[in-house]
Amino acid sequence: MTDTYTPPKVWTWDAASGGQFASINRPISGPTQDRELPVGEHPFQLYSLATPNGVKVTVMFEELLAAGHRDAEYDAWLIKIGDGDQFGSGFVSVNPNSKIPALMDHSGDTPVRIFESGAILLHLAEKFGAFLGAPSARPEMLSWLFWQMGSAPYLGGGFGHFYAYAPEKWEYPINRFAMETKRQLDVLDKRLAETPYLAGPDYTIADMAIWSWYGQLVLGRLYSAAEFLDVESYANVLRWATEIDARPAVQRGRMVNRAFGEPETQLRERHDASDFDTKTQDKIAAE
């Protein structure tokens, strides 16, 4: 970066700035359109897209179902963030922050909304008593879960934005966020040298949350940055990421609400386990 930027006394919004996502980034909240959300027949109604934050939740649902929790059946509705679906009035009523994922839990007498991916994971884990790890390891599990929620903005909003999506490649922010991303990978690598999973011997929601970001990063699925970040040097993270990636429920969860990539990797909406048999070819053709 060669030009020096002098911040104005009062910042004003330039709607043309922001690179690839300029059309959906804005400094105000609230709905821009009246649009109700669809509601299916299952207790849980998920409104999402298969970004890393969305994948966390669909992996959790598929893991719950694979573990025999039949009451965890869900409908997953596609929210096209590039089209601004997250600013519809129905979506904003579930998540006032207008970010995916958002969940409505209709399993009780009164519907409950849950937003923020970590909160959704914790809500489901506590509801079904699953993927929380041993009680003695609960503080460790929660620490790693919240570590992910605090660290991902550096990876996604920081490194990912400036490396992959910014309108220009600027050396300073790329170097700054690459350094922080590699520091975080080193934190994970040292921890995973000591234990199979983040909280200890048990696979938990902390692993699901962190794998969706850092696991997919080292597997070469985020930002085309694996070589740039030298992910091969994080052998313990790669071992962990590869093992989780092989889980059938994780493979199914990655497909749900996916509207990009090869057609065979997409299941744009999920309303029944049988949807995976036909994948989304019919759904894609119908759109």
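The values are calculated or read from the model by the stated rules, or taken from the named source; none is laboratory data. In this text, all values refer to a predicted model and were calculated from it rather than measured experimentally. Methodologically, a virtual Cβ is constructed for each residue, glycine included, from the backbone with ideal geometry; neighbour enumeration extends over all protein chains shown.
Worth pointing out:
- Against the numbered list (1) under 16 Å from Asp275 (Cα atoms); (2) surrounded by 16 or more Cβ atoms within 10 Å (Cβ to Cβ), Leu49 comes up short only at (1).
- Residues that are small (Gly, Ala, Ser) and assigned to a helix (DSSP H, G or I) within the stretch 25-77 comprise Gly54, Ala66, Ala72, listed in sequence order.
- All positions within the stretch 154-208 that are part of a helix (DSSP H, G or I), under 27 Å from Asp3 (Cβ atoms) and hydrophobic (A, V, I, L, M, F, W, C): Leu155, Phe159, Phe162, Ala164, Ile174, Phe177, Ala178, Met179
- In the set (1) within 16 Å of the chain's Cα centre (by Cα); (2) under 26 Å from Arg252 (Cβ atoms); (3) among the polar types (S, T, N, Q), Ser107 fails one condition alone, (1).
- Any hit, the stretch 75-87, residues being among the aliphatic types (A, V, I, L, M), in contact (Cβ under 8 Å) with a residue 60 or more places away in the chain and farther than 23 Å from Pro248 by Cβ: yes
- Residue check, Arg252 at pLDDT 95 or above and surrounded by 20 or more Cβ atoms within 10 Å (Cβ to Cβ): yes
- Residue count for the stretch 12-66 satisfying the condition of being modelled with pLDDT of 95 or more, closer than 27 Å to Pro153 by Cα and either within 16 Å of the chain's Cα centre (by Cα) or among the charged types (D, E, K, R) (or both): 18.
- Scanning the stretch 83-101 for residues that are polar (S, T, N, Q) and either at positive phi or assigned to a helix (DSSP H, G or I) (or both) turns up Gln86, Ser89, Ser93, Ser98.
- Restricting the stretch 168-197 to residues that are among the hydroxyl-bearing types (Ser, Thr, Tyr) and within 21 Å of the chain's Cα centre (by Cα), the residue that is surrounded by the fewest Cβ atoms within 10 Å (Cβ to Cβ) is Tyr197.
- Test result for Ile81, surrounded by fewer than 17 Cβ atoms within 10 Å (Cβ to Cβ), over 20 Å from Tyr203 (Cβ atoms) and hydrophobic (A, V, I, L, M, F, W, C): no
- Arg221 being assigned to a loop (DSSP other than H, G, I, E, B), of a type outside the set (A, V, I, L, M) and within 30 Å of Pro38 (Cβ to Cβ): yes
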